[in-house]
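Just below is one structure, and these are the notes that go with it.
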Amino acid sequence: MTRLVDALAAYARFYETLSPATLPGIAALLAPNARFKDPFNDVRGADRIVRLLATMYEHGTPRFEVIDQAVSERAGYLLWRYTSDPGGGRAPWVIDGMTELRFDADGRVLEHVDHWDAAGQFYEKLPVVGWLIRRIKRRLQLREG
């Protein structure tokens, strides 16, 4: 269990200090055929994960804050807040989520699965799609009440 706690803490520290310069270092924390899954992506392999994470820097200045960590016998969990400043005077994007992590015997990440509300925290902020999602939510809320 200590190995899992240490591996989770190292992974959390890595994400909190993530930058274009540190990004290649994630490969040392990943198993060679690691899986990364979030609401938009599902990729395998350390190289593909590094390339995917690098795309975050094309659209702003992202930052992760790990709010809490937990470990079970089988997995580690990170509760986090992602903030990205898109520049141009636009409001920052803020996404709250949770990552479920599975590790191999050497403490490397086998599976990284992000759980967060893509509809409410992403699509709803887009001009046309957001209007439609907000309208649908209002209609559903009226029917529930």
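Where a number appears in this text, it was derived from the coordinates with a stated rule and is not lab data. All values derive from a computational prediction rather than experimental measurement. For neighbour counting, all protein chains shown are included, and Cβ atoms are generated from backbone atoms with ideal geometry for every residue, glycine included.
For a quick protection proxy, order the peptides 48-58, 74-84 by their average other-Cβ count within 10 Å, most packed first.
Working: 48-58: 13.9, 74-84: 16.6.
Highest mean packing first, the order is 74-84, 48-58.
Dipole magnitude for the range 2-117: about 260 debye, using +1 per Lys or Arg Cβ and -1 per Asp or Glu Cβ, origin at the Cα centre. Full extension of the chain segment joining Ala70 with Thr83 gains 2.5 nm, where the gain is 0.36 nm per residue of separation less the Cα-Cα distance.
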